[in-house]
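The values are calculated or read from the model by the stated rules, or taken from the named source; none is laboratory data. Remember, it's a predicted structure, so these values are computed and weren't measured experimentally. Cβ: placed from backbone, ideal geometry, glycine included. Neighbour counts: every protein chain shown. Please note that ligands, DNA and RNA were not included when accessible areas were found on the heavy atoms of the full protein model with its side chains. Shrake-Rupley method; radii C 1.70, N 1.55, O 1.52, S 1.80 Å.
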Amino acid sequence: MTKDEIRKIIYEKRKNITKYEVKNQSNIICKNLIVNLLPIIVAKYNSKNSINIALYKAMNNEVDLTYLDNYCQKNNFTICFPRIKKHELEFIKPSNYHKFIANNKFKQLLEPEYGYIITPDIIITPLIAFDKNLNRIGYGKGYYDKMFTKLKKDFTSIGIAYDWQKTEES
């Protein structure tokens with residue numbers, strides 16, 4: 001099966017889950033990340049005063065990170081969000097946390113209207129599917145992949161998905 005075929009199948013399945021399932025499963029995923037993974041990753045950056053974490057605003061029934069966002073705010077993480085500018089991804093710490101606008105090209109993608117660019121230590125990455133080796137299959141435009149290769153610093157990327165987004169293809 002090609003990546004495009006996998007994208008189509010998983011995207012259709014994700015479109016058909018209910019808002020209740022999104023919220024319930026998203027909260028379970030976020031709690032699992034907070035309890036089991038975040039402490040290990042945060043320890044890697046323990047010499048920093050503040051850890052920059054990149055989240056995203058969920059679209060099309062992606063895993064909703066609201067629970068994780070609230071946790072990060074309460075625990076003094078510096079939170080940023082992706083913005084596409086000139087065909088590249090950058091991360092913006094919003095100056096008004098409640099003011100997000102639709103991207104000009106991808107209307108369902110919400111981005112900070114104002115803020116400043118920061119480099120994240122931890123990047124929570126959306127995806128369409130992942131394989132048994134935990135390789136990410138994204139939306140197919142390569143924004144995250146290009147950004148990963150351009151980052152000059154050490155960072156941790158965490159792909160976030162529902163368990164049923166796993167594919168046997170590799």
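Note on region 11-51: residues that are hydroxyl-bearing (Ser, Thr, Tyr), loosely packed, with under 15 Cβ neighbours inside 10 Å and modelled with pLDDT under 95 amount to 2. Taken over region 111-124, the criterion of being free of Cβ contacts under 8 Å to residues at least 60 places away in the same chain and either of a type in the set (Gly, Ala, Ser) or buried (at least 19 other Cβ atoms within 10 Å of the Cβ) (or both) is satisfied by Glu111, Pro112, Gly115. Restricting attention to region 77-99, the residues that are under 25 Å from Gln25 (Cα atoms) and either part of a loop (DSSP other than H, G, I, E, B) or open to solvent by 80 Å² or more (accessible area, probe 1.4 Å) (or both) total 3. Per this entry, Lys74 is not counted among residues that are closer than 29 Å to Lys141 by Cα and of a type outside the set (A, V, I, L, M, F, W, C). For region 63-76, the criterion of a residue being assigned to a loop (DSSP other than H, G, I, E, B) and open to solvent by 90 Å² or more (accessible area, probe 1.4 Å) is satisfied by at least one position. Under the condition of being in contact with a helix residue (DSSP H, G or I) (Cβ under 9 Å, 6 or more places away or on another chain) and surrounded by fewer than 14 Cβ atoms within 10 Å (Cβ to Cβ), the residues counted in region 1-10 number 1. How many residues, within region 142-160, are at negative phi and either open to solvent by less than 40 Å² (accessible area, probe 1.4 Å) or not in a helix (DSSP H, G or I) (or both)? Qualifying residue count, region 142-160: 13.
For region 44-56, check the following and say yes or no: at least one residue is of a type outside the set (S, T, N, Q) and without any contact (Cβ under 8 Å) to a residue 60 or more places away in the chain.
The answer is no; no qualifying residue exists.
The single condition among (1) closer than 28 Å to Asn16 by Cα; (2) open to solvent by 30 Å² or more (accessible area, probe 1.4 Å); (3) of a type in the set (Gly, Ala, Ser) that Ala54 does not meet is (2). Does region 114-124 contain any residue that is aromatic (Phe, Trp, Tyr), in contact with a Pro (Cβ under 6 Å, 6 or more places away or on another chain), modelled with pLDDT of 90 or more and not in a loop (DSSP other than H, G, I, E, B)? There is no residue in region 114-124 that is aromatic (Phe, Trp, Tyr), in contact with a Pro (Cβ under 6 Å, 6 or more places away or on another chain), modelled with pLDDT of 90 or more and not in a loop (DSSP other than H, G, I, E, B).
All conditions but one from (1) modelled with pLDDT of 90 or more; (2) under 14 Å from the mean Cα position of the chain (by Cα) apply to Tyr139; the one that does not is (1). You will find that of Lys105, Lys132, the residue that is touching a Ser or Thr at 6+ places or on another chain (Cβ under 7 Å) and in a loop (DSSP other than H, G, I, E, B) is Lys132 and no other.
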